[in-house]
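The structure appears below as structure tokens.
Quick note: the coordinates plus some simple rules give every number you see, no bench work behind them. Computed from a predicted model, the values in this text were never measured in an experiment. Quick reminder, even Gly has a Cβ in these numbers, built from the backbone with ideal geometry, and neighbours come from all protein chains shown.
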Amino acid sequence: MAEVIPVGKSPGRDVRPLEATEEESLFRMAFPEDWQGMRAAARGEPHAGDSRKAKWEASVEIVRRALSAPRSFPEPFRTAADAFDRFRYLLSDYPVEVFLAVLLDVKNRRIDDVRVSTGILNGSLIHPREVFAPAVRERAASVLLVHNHPSGDPSPSAEDREATRRLRSAGGIVGIAVLDHVIIGDGSFYSFREEGDW
């Protein structure tokens with residue numbers, strides 16, 4: 001069975017989930033009705049026939065073009081409004097707090113979203129290792145912290161301020177900056193950075 005490709009990774013470029021699969025199995029997956037004929041065409045055997053050879057060449061050309069195409073990168077996060085637009089529908093209806101660490105590259109483009117915790121009605125347990133272990137593993141340049149307030153009011157609590165302070169301090173130690181901490185409310189948001197609550 002094939003591996004699942006991680007989010008943000010390009011098959012054939014960043015990961016090769018079928019690398020250890022036997023050649024016969026690959027041909028059976030790609031050409032289930034005529035795998036033996038297509039295998040013969042790939043090997044250049046004369047009895048494969050012109051139709052199979054043309055199909056094989058077309059398949060190879062598709063792969064060449066796919067691997068040669070320029071990568072499409074996600075838009076960078078420039079403001080807290082970008083984070084709000086990206087996560088408002090994902091988080092706003094949860095009945096409990098959900099805390100995400102969005103891992104970013106050097107241009108503030110999303111690498112991955114990591115769910116750090118799912119809390120109770122009025123709080124969420126966040127530990128720096130849960131934020132920064134995946135950031136280190138994925139070689140993130142920075143992280144964007146995002147969580148919801150089930151009450152709909154994005155105003156930060158004392159616990160939110162303390163968590164932000166601790167996470168910014170931990171990020172400074174490991175060399176991965178906290179870009180911002182955005183709280184998602186009902187149709188509104190709060191940005192620690194933009195509000196100067198930093």
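I need 33, 22, 45 ordered by Cβ neighbour count within 10 Å, fewest first.
Taking fewest neighbouring Cβ atoms as first place, the list is 33, 22, 45.
To the nearest 10 degrees, how steeply does helix 80-91 sit against the main Cα axis of the chain, on a 0 to 90 scale?
80 degrees
What is the gain in length, in nm to one decimal, between residue 173 and residue 34 on full extension, counting 0.36 nm per residue of separation less the C-alpha to C-alpha distance?
44.3 nm
By how many nm would the segment from residue 57 to residue 161 lengthen if fully extended, with 0.36 nm per residue of separation less the alpha-carbon distance?
Extending this stretch completely gives an extra 31.5 nm.
With a cap of 13 neighbouring Cβ atoms within 10 Å, and only residues DSSP puts in a loop, list the trypsin sites (Lys or Arg not before Pro) found in the stretch 133-198.
Those satisfying the criteria are 139.
Of the options 106, 37, 81, report the single residue whose Cα projects farthest towards the positive end of the charge dipole of the chain (beta-carbon charges: Lys, Arg +1; Asp, Glu -1).
37
Report, to the nearest 10°, how far helix 128-137 tilts away from the longest principal axis of the Cα atoms in the chain, using its own Cα long axis and a range of 0 to 90°.
It is inclined by approximately 30 degrees.
Exactly which GluC sites (Glu not before Pro) in the stretch 146-195 are in a DSSP loop and have at most 14 other Cβ atoms within 10 Å?
194, 195
Within 10 Å of each residue's Cβ, count the other Cβ atoms and sort 106, 98, 174, 116 from fewest upward.
106, 174, 98, 116
Relative contact order for the stretch 68-175: what percent, with Cα pairs under 8 Å and sequence separation of 6 or more?
Result for the stretch 68-175 is 27 percent.
Could you put 59, 142, 68 in order, starting from the residue whose Cβ has the fewest other Cβ atoms within 10 Å?
68, 59, 142
Relative to the longest principal Cα axis of the chain, at what angle does helix 158-174 sit, 0 to 90 degrees, rounded to 10?
50 degrees
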